[in-house]
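In what follows, a single structure is set out as C-alpha cells and then discussed.
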Amino acid sequence: MLLSLALALVFATLATARAADAAAAAASAPVASAGWVTAYAVFGEPKYPSGFDHFDYVDPAAPKGGTLHLRNPDRRTSFDKFNYFTVKGSAPAGMGIFMLETLTVRSADEPRTMYGLLAQEMRVEPDKSAITFRLNPNAHFSNGDPVTAEDVKYSFDSLAGKYASPSYSSGLASVKRAVVLDARTIRFDLIDKTSDTLFTVGGLFVFSHKWGLQPDGTHTRFDQLVWQKPIASGPYTIGVAEPDRGIEFVRDPHYWGRHLGVRRGFFNFDRVVYRFFLDEDVATEAFKAGDFDITKVYSARNWVRQYRGAKWNDGRIIKRVIQLGTGQGLQSYELNLRRPIFQDIRVRQALGLTFDFDTLNRYKLYKRASSVFNNSPFAAQGLPSPGELKLLEPYRKELPPAVFGPPFVAPGTGGDPRALRRNLLQARALLEAAGWHIAADGRLRNAKGEAFDFEYLAPGDSKDNAGLAAWQHNFRKLGIEMNIRNVDFALYQRRLNDYDFDMVTIVEPSFTLPSPGDYLQLYGSASADQKGNGNYRGVKSAAVDHVLAAMSNATTLQDFRDACRALDRIVMWSYWQVPELYSNTELISYWNKFDMPAHQPPYFTTDLAPDVDSQLPWPITTWWIKPGPLPRP
C-alpha cells in the first residue's frame, strides 16, 4: 500500500532537498516548549514516569559477562547479506535484536506504550497529524558519530523507498514526509492520523547516512547494499560471521545507551553466538549435547517425547511452560470466499463441524481458538453491550442472527467418537439444506452434478499432514474430497499473494493491544481485491468496514473494546474460517546456567527478530550467566 519515497542518489542534491524541507516547515513547526513527553500510550497514561530507573521485568544489577549460544530461530539456515531491510536474500538472525535500534521501544508489561530510546522526547499533535522526535544528545553509532536528524531522515527515506522490503515500506506509506527541523529534531507528517502510524514511526530502525556512502558523496543503491555492515547504534557489533554456519555479536564497550531506563538491566552477555542447524531433529540432539543454551519448542509431540531424559531429571536442563498475557491472533483454516463453493454460510458451518480438534490435541498443550482476539479482554463476552449494539444494529439484516447472541464457541467432541458422529450428521443436514446431496457414486454433488472437491494449500515443509489425513477421513464420510497440495515456499507465497487457493492456514498477529491497521488488511473490503494484501478470505462486508473504522477512531478504551468485540462476533459467526488453535504459553527449555529477573513480563517471546509489532525477546535480552560452576553437557 506504499507510495514510495525515492532515495536520492546524489548526496549534495539530497542535502539541498532536506534543507528546503526544513525551511518550508519552519513556520509551522510545533512550539518546542509544550507537549513534549518521554512516553506515549494509546489509551491512558504510561506506567513508567519520565526519568524512571528501569523496567520492572529486568534486574538493573544483573552482572555482565559470558557467552549466550543460540540456534537459528526460524527457517534461515544461512545468510547472504548484512542488509536487514531488503527483499532479496537473507540477513543473519539477531540483527534486529542486538545491533539495530529504533526511535522508541515498547514496554512489555502494559498494552501498547512506547518509550524514547534514540528519541529523548516526542511530541504528538492532538489530531495525530504529526509526531516530532527530539534525539538523545548522547546517542551515537558504533563508529562514534552522533545520531542526528539527518540520519533518521536517511533511514526513513531508505526504508520507505522502492528498494526496501514491503514489510517496512508498506507501513511507512502512512507517512507523508519526514522534515528535519534541526540537528536533533525531526517531524513526521502523517497521512493516516492513527495510533498505528505513530507506533510505526516510533519503531523506525535508524542507521547512519554513511552506510553505503561513496567517496564522491553518492550512495550505493539501497538494495545493492549487501555485505557492508550497517553502521548502527545498538549494544552489539558483528564479530565473526560465517554465512553457512552462524554469526557472533560482540558487546560494544562504548554503547551509548547502557545507563538509560529503557536499557538498564538488558544485554548482559559479552557475546551472543547463533549457529545454524538444517534439521529440527539435528537441532534437538545438538541442544541435548549443549551446543546451544535456550530453545523454544513449537511441537507438542517433541515437547512431550524429545525434551526429557537424564539431563532433565538431574536438573542440568530445565523445562518450563510459561504463561503469557499476550493476546493470541486467530489461527485458522481460511476459506477463500472468492470460490463459489464457499459462498453459502451453511456450507462453511458444515465444514467446521467436521474438524475434530479435541482428538488431534492429544497432548492438551493447545487451546481451541474461538475468537479473533484469544487470550485477551477484546474477545466477545456475554451478550453484546450497548456500545457493541450501536455498531451492529444498522447492519442487522445482513448479519447472521447469532451475532446478536452469546459469543461463538467452536464445536468440539471432547475426543468422543459419538460426539463427532453427531457433528457430522448436523453437517450433512446443513449441506443438504444448501443443495448438496450424496449421489449414487457416494460423492457429494450439487444440482449441476458438480462434486464437492477443494484443495488445501500448504508450503512444502508442512508437517501437519497426519492431522489433515484425519480430517480428510471425516470429509469423505460426507462425500467431500479435500486434496492436500504441498508446494515449495516461493510458489506458496506467490499463490497467497494472488489469492489463488481454496483453503490455507493463516496465523493472525499476536498483540498487547489489537492494531486496527492489521485488521484493515485482514478484513477490510478495500484489501480484498488488492493482490499481495492480507484479506485472504476475500471478506467484503459493510458491517466489518464500519466496525474497523470504529476501532481506528476510538478515543477511549471502552469504545475500542466494544469495536473489537463487535468485529469478533461478526467474523466468528460468519464462518469465514475453520478455527484451529492458540497457545497462551511459551514452551522453553534451557541449560541450567542462567539467573533471571524476579518479575516476568506478560508480553514476551523467547527469540525472534523483532519488527514493529513483535514482543520483547525476554530471556535472551534480560537473563544472565549465574555465578559458580556451570552444568556439564
**Prompt:** Hey, among the residues in segment 545-557 that are part of a helix (DSSP H, G or I) and of a type in the set (S, T, N, Q), which one's most open to solvent (accessible area, probe 1.4 Å)?
**Reply:** N553
**Message:** Give me the residue from segment 192-215 that is among the aromatic types (F, W, Y) and touching a helix residue (DSSP H, G or I) at 6+ places or on another chain (Cβ under 7 Å) and, out of that set, farthest from T555 (Cα to Cα).
**Reply:** F207
**Request:** Scan segment 527-544 for residues that are surrounded by fewer than 16 Cβ atoms within 10 Å (Cβ to Cβ) and in contact (Cβ under 8 Å) with a residue 12 or more places away in the chain and report the count.
**Result:** 4
**Complete:** Here the residues within segment 375-398 that are open to solvent by 40 Å² or more (accessible area, probe 1.4 Å) and in a loop (DSSP other than H, G, I, E, B) are N375, P377, Q381, G382, L383
**Asked** Residue check: is Y333 modelled with pLDDT of 95 or more and touching a Leu at 6+ places or on another chain (Cβ under 9 Å)?
**Response** yes
**Prompt:** How about segment 222-271: which of its residues are acidic (D, E) and either part of a loop (DSSP other than H, G, I, E, B) or touching a Ser or Thr at 6+ places or on another chain (Cβ under 6 Å) (or both)?
**Reply:** D223, D244, D252, D270
**Among (1) part of a loop (DSSP other than H, G, I, E, B); (2) open to solvent by 40 Å² or more (accessible area, probe 1.4 Å), the one test that H69 misses** = (1)
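Yes/no per residue for (1) of a type in the set (A, V, I, L, M, F, W, C); (2) touching a residue at least 40 places away in the same chain (Cβ under 8 Å):
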position	(1), (2)
I247	yes, yes
R251	no, yes
H254	no, yes
V262	yes, yes
F277	yes, yes
E280	no, no
E285	no, no
R301	no, yes
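Okay, residues lined up against (1) charged (D, E, K, R); (2) at pLDDT 95 or above:
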residue	(1), (2)
S510	no, no
G524	no, yes
D529	yes, no
R561	yes, yes
I588	no, yes
F604	no, no
**Asked** What's the number of the condition S78 fails, among (1) over 15 Å from I247 (Cα atoms); (2) part of a loop (DSSP other than H, G, I, E, B); (3) open to solvent by less than 50 Å² (accessible area, probe 1.4 Å)?
**Response** (1)
**Item:** Given (1) part of a helix (DSSP H, G or I); (2) surrounded by fewer than 22 Cβ atoms within 10 Å (Cβ to Cβ); (3) without any contact (Cβ under 8 Å) to a residue 60 or more places away in the chain, number of the condition V152 does not satisfy
**Value:** (2)
**Fill in**
Residue pairs qualifying under the 6 Å Cβ cut-off, at least six apart or on distinct chains, with the first in segment 547-561 being touching a residue at least 60 places away in the same chain (Cβ under 8 Å) and the second being assigned to a helix (DSSP H, G or I) and of a type outside the set (D, E), are V547/L391; V547/A563; V547/A566; V547/L567; A550/L391; A550/A563; S552/P516
**Request:** For residues that are surrounded by fewer than 21 Cβ atoms within 10 Å (Cβ to Cβ), within 29 Å of S583 (Cβ to Cβ) and of a type in the set (A, V, I, L, M), tally how many sit in segment 514-526.
**Result:** 0
**Item:** Test: W211 is open to solvent by less than 10 Å² (accessible area, probe 1.4 Å), out of contact with any Ser or Thr (no Cβ under 8 Å at 6 or more places or on another chain), within 16 Å of F85 (Cβ to Cβ) and not in a strand (DSSP E or B)
**Value:** yes
**Request:** Just name the residue that is surrounded by the fewest Cβ atoms within 10 Å (Cβ to Cβ) out of those in segment 497-513 that are touching a Gly at 6+ places or on another chain (Cβ under 9 Å) and assigned to a loop (DSSP other than H, G, I, E, B).
**Result:** D498
**Prompt:** Counting only residues that are aliphatic (A, V, I, L, M) and farther than 20 Å from L135 by Cβ, how many does segment 91-106 have?
**Reply:** 4
**Prompt:** For segment 470-496, how many residues are assigned to a helix (DSSP H, G or I) and open to solvent by 50 Å² or more (accessible area, probe 1.4 Å)?
**Reply:** 7
**Request:** Please indicate, with yes or no, whether at least one residue in segment 181-191 is open to solvent by 10 Å² or more (accessible area, probe 1.4 Å), assigned to a loop (DSSP other than H, G, I, E, B), under 23 Å from G532 (Cβ atoms) and in contact with a helix residue (DSSP H, G or I) (Cβ under 9 Å, 6 or more places away or on another chain).
**Result:** yes
**Message:** I need the full set of residues from segment 103-137 which are within 30 Å of T77 (Cα to Cα) and open to solvent by 20 Å² or more (accessible area, probe 1.4 Å), in order please.
**Reply:** V105, R106
**Asked** Which of the residues spanning segment 252-291 are open to solvent by 40 Å² or more (accessible area, probe 1.4 Å) and in contact with a strand residue (DSSP E or B) (Cβ under 6 Å, 6 or more places away or on another chain)?
**Response** D270, R271, R275
**Asked** Quick one: what pairs do we get from segment 391-413, first residue under 18 Å from D545 (Cα atoms), second in a loop (DSSP other than H, G, I, E, B) and among the small types (G, A, S), C-beta under 9 Å, 6+ apart or different chains?
**Response** Y395/S541; E398/S541; L399/S541; L399/S574; P400/S574; V403/S574
**Message:** Test of understanding: among F452, F404, which residue is aromatic (F, W, Y), closer than 30 Å to R565 by Cα and surrounded by 14 or more Cβ atoms within 10 Å (Cβ to Cβ)?
**Reply:** F404
**Request:** State which residue is modelled with the highest pLDDT when the search covers only segment 606-620 and only residues that are of a type in the set (S, T, N, Q) and open to solvent by 10 Å² or more (accessible area, probe 1.4 Å).
**Result:** Q615
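The values are calculated or read from the model by the stated rules, or taken from the named source; none is laboratory data. Just so we're clear, the structure is a prediction, and the values are computed from it rather than from any experiment. Virtual Cβ from ideal backbone geometry, glycine too; neighbours counted across all protein chains shown. Just so you know, the surface numbers come from the protein's heavy atoms only, side chains and all, with ligands and any DNA or RNA stripped out. Shrake-Rupley method; radii C 1.70, N 1.55, O 1.52, S 1.80 Å.
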